[in-house]
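For reference, the structure discussed in these notes is given below.
Laboratory data are not the source of any read-out in this text; all were calculated from the coordinates shown. Keep in mind it's a predicted model, so treat the numbers as computed, not measured. Positions of Cβ are backbone-derived with ideal geometry, glycine not excepted, and every protein chain shown enters the neighbour counts.
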Amino acid sequence: MGGGSGRRDGMGRLSHGGCWRDEQEWPLARTEPRTLHLHPDGALLADPAPKDVPPAQYDFDPANPVPTVGGNFTNYGTSGFLEGGGYDQKSGTMFGDNSPSLPLSARADVLVFRTVPLKAGLEVTGVVS
């Protein structure tokens, strides 16, 4: 989905735009498979990382887990606790998370991989392996 304003609604969810589609096949016939590789410097590229470069690593503390922020889950009518949907991925935004409001990507126990800026919209549909 995409094309939304990016603004937050009254519950803090992002307006991401998009719509539901009714497809008749799986996988989609118009699929163009792509392979992207995770690089230790945080890049997400079509070329594999050099074999002589050490892999990306992180340490985690089970006593300070990365909070769950939004996503695809439900609470069966419960509100105010682990709300589903699109959220800005920051700590301190969900019920019970009293940590500073920082991007989750700023945490030492989170790895982030990004492509270069896209020149056009990109639909990602299908199995990730």
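Between E32 and M11, what's the calculated FRET efficiency when r is the beta-carbon distance and R0 is 35 Å? Round to 0.05. Write out the running numbers ahead of the final one.
Numbers: r = 36 Å, r/R0 = 1.03.
That pair, E32 with M11, gives E of 0.45.
Distant-in-sequence amide contacts of A43, defined by a placed amide H-H separation under 5 Å and a gap of 5 or more residues or a different chain, comprise R114.
Multiplying the residue separation of N64 and D109 by 0.36 nm and removing their Cα-Cα distance gives an extension gain of 15.2 nm.
Across segment 112-117, rounded Karplus estimates of 3J(HN,Hα) from the backbone phi angles (6.51 cos²θ - 1.76 cosθ + 1.60, θ = phi - 60°) give 10, 10, 10, 7, 5, x Hz, Gly and Pro being marked x.
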